[in-house]
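J.: Quick one: this structure, given as C-alpha cells, is what I'll be asking you about.
The values are calculated or read from the model by the stated rules, or taken from the named source; none is laboratory data. Because the structure is a prediction, the values reported are computed rather than measured. Here Cβ is always computed from backbone atoms with ideal geometry, including for glycine, and neighbour counts include all displayed protein chains.
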C-alpha cells in the first residue's frame, strides 16, 4: 500500500453499532505497516470509514476538514508527535470534542499514561495491538462521541431558548413603554377630543397591542415548533418560495391541526379571514380546492 496522507477505505459488512450511521475514524501513524494493519482490522466493520495521516501536522489538517468521530494517533512521530496533536486539536473549537486515543509501544509507563490524559486524550492503547481490545476501545469511544454530539445539540437548544426568552423580555419591555406612552397621549387628548375620537383611539391601541403581543409570542412559538418539527419551514418553502411570514405561521398552525376559529383567536382576526387565507395558501402551494391542507402538512 502506498503511504498517502489521506485515504478512505470502505467495505460492506454487518454493522455492529448503528445500522443507520457511519463513523469516521482517523488513524495517525508514521509507520505504513501499522496503518495497513489498523485499516485491515477496521474495514471489517461497515460502520467505519477510515481516514489516514502519516504525521501529526497532516492529522490536524484532516481532522479540521473531515471532523472524524474518533482519532487514534501514535505518540512518537515526526513534525508533530501525538501529544502535540492532542493539544492542537483541543485548542481548535471545531475539533475539541473529538475523542482521541493515544497509541504507543514505547511510552508505556504510568507517568506517560497520565501525561496523555492530562493533555486531553481520552484513552490509551499499547502496541502491538490486540484486535479484540482495539475494537472494544473504539466502540467505547463511539459511545463517547455520540454523547458529545447529544450534549452539543442540547446546549444549542438551550441557547436558542435562552435567546428567545431574552428577546421576548426586551419586546415586552418595549411594548410596556409604548402602552404607557399611548395612555399618556390619550389622557392629554381626552380634554380636547370627543367620545367618538376616544373610542377610535382605544380600538386602534388595542389592535396595536394585540399585534405587538402576537409578534412577541411568535418568536418563542417558532423556536419550540422548529425543535419538534425540524426543517418544516424549509420544506414548505421548497413548494412555494413566495410565502409571507403570516402564511408560514398559518402553515404551522395547520400542522398542529388547529381550526379556523382557534387560528383567528390567535391572529386577532375573523374565521372568514382565516378561511380566505387558507384558499390563497392552497393556490400558492399549487393545490386543488378539494385538497386538504392539514394532510399536506402532515406528509411533509
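J.: Against the condition touching a helix residue (DSSP H, G or I) at 6+ places or on another chain (Cβ under 7 Å) and in the same structural domain as residue 88 (by TED's automatic domain parsing), how does residue 100 come out, does it pass?
T.: yes
J.: Of all residues being modelled with pLDDT of 90 or more and surrounded by fewer than 20 Cβ atoms within 10 Å (Cβ to Cβ) in the stretch 4-30, which is nearest to the chain's Cα centre (by Cα)? Just the residue, please.
T.: Checked the stretch 4-30; the qualifying residue nearest to the chain's Cα centre (by Cα) is 24.
J.: Assuming residue 119 fulfils every condition listed in (1) over 20 Å from residue 48 (Cβ atoms); (2) loosely packed, with under 15 Cβ neighbours inside 10 Å; (3) modelled with pLDDT of 85 or more apart from one, which condition is it?
T.: Among (1) over 20 Å from residue 48 (Cβ atoms); (2) loosely packed, with under 15 Cβ neighbours inside 10 Å; (3) modelled with pLDDT of 85 or more, the lone unmet condition for residue 119 is (2).
J.: Hey, any hits in the stretch 273-286 for a residue that's surrounded by 13 or more Cβ atoms within 10 Å (Cβ to Cβ) and at pLDDT below 85?
T.: no
J.: Still on this model: For the stretch 57-78, which positions are in a helix (DSSP H, G or I) and either surrounded by 17 or more Cβ atoms within 10 Å (Cβ to Cβ) or in contact with a helix residue (DSSP H, G or I) (Cβ under 9 Å, 6 or more places away or on another chain) (or both)?
T.: Selection gives 57, 58, 59, 60, 62, 63, 64.
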